[in-house]
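Here the structure is laid out as structure tokens; the discussion comes afterwards.
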Amino acid sequence: MTVSVIADKCIGCGLCASMCDKVFEMRDDGKAHIIDDESCDKCDCKDVASSCPTQAIVV
Ligand code: SF4
């Protein structure tokens, strides 16, 4: 599983980190970052990616 956040698209809403704190975390730059994209054990990050309001998450 390879997941990335397109920083220019991320508006820092925090939704991804609240949906899955194993894979995503918010950092001081106000953007979501990937902590460990191998730790997804539920939806292969697809539910989170489709919930991102700006389509900033690429799976
Ligand atoms: S859900 Fe999308 S816009 Fe919101 S913090 Fe995560 S990557 Fe950024």
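Asp47 passes every criterion in (1) more than 10 Å from the ligand (Cβ to nearest atom); (2) surrounded by 14 or more Cβ atoms within 10 Å (Cβ to Cβ) apart from (2). Within the stretch 9-23, which residues are over 16 Å from Asp37 (Cα atoms) and in contact (Cβ under 8 Å) with a residue 24 or more places away in the chain? Residues satisfying the conditions are Lys9, Cys10, Ile11, Cys13, Leu15.
We did not get these values from a lab; they are worked out from the coordinates using the rules stated. For clarity, every value in this text was computed on a predicted model and none was experimentally measured. Virtual Cβ from ideal backbone geometry, glycine too; neighbours counted across all protein chains shown.
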